[in-house]
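Written out below as structure tokens is the structure these notes cover.
The values are calculated or read from the model by the stated rules, or taken from the named source; none is laboratory data. Only a predicted model underlies this, so the values are computations on that prediction, with no experimental measurement involved. A quick note on method: Cβ atoms are made from the backbone with ideal geometry, for glycine too, and the neighbour counts reach across all protein chains shown. Ligands, DNA and RNA are stripped out before the accessible areas are found, and what is left, the full protein with its side chains, is counted by its heavy atoms. Shrake-Rupley method; radii C 1.70, N 1.55, O 1.52, S 1.80 Å.
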Amino acid sequence: MKNRLKVLRAERNWSQADLAEKLEVSRQSVNAIETGKYDPSLPLAFRIADVFALPIEDIFQRGE
């Protein structure tokens, strides 16, 4: 699954650790999601959307 997490995080000048703290996950989890090595659970995807105040569809897109 493709995502815009890294771009959205950079726009806010947040480190991976900053975002991880807001999401209550590890920095390694944020890195794995950003690099596409891990797809977040649905509850985590909703938390990510809430943190960025965006619909899930604006953050995650189906991969090829």
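Can you tell me which residue within the stretch 33-64, out of those that are among the aliphatic types (A, V, I, L, M), in contact (Cβ under 8 Å) with a residue 12 or more places away in the chain and in a loop (DSSP other than H, G, I, E, B), is nearest to Lys6 (Cα to Cα)? If we take residues in the stretch 33-64 being among the aliphatic types (A, V, I, L, M), in contact (Cβ under 8 Å) with a residue 12 or more places away in the chain and in a loop (DSSP other than H, G, I, E, B), then Ile59 is nearest to Lys6 (Cα to Cα). Within the stretch 16-32, restricting attention to residues that are charged (D, E, K, R) and part of a helix (DSSP H, G or I), the residue that is least open to solvent (accessible area, probe 1.4 Å) is Asp18.
Only residues that are within 12 Å of Leu8 (Cβ to Cβ), small (Gly, Ala, Ser) and under 9 Å from the mean Cα position of the chain (by Cα) were counted across the stretch 21-57, and they come to 1.
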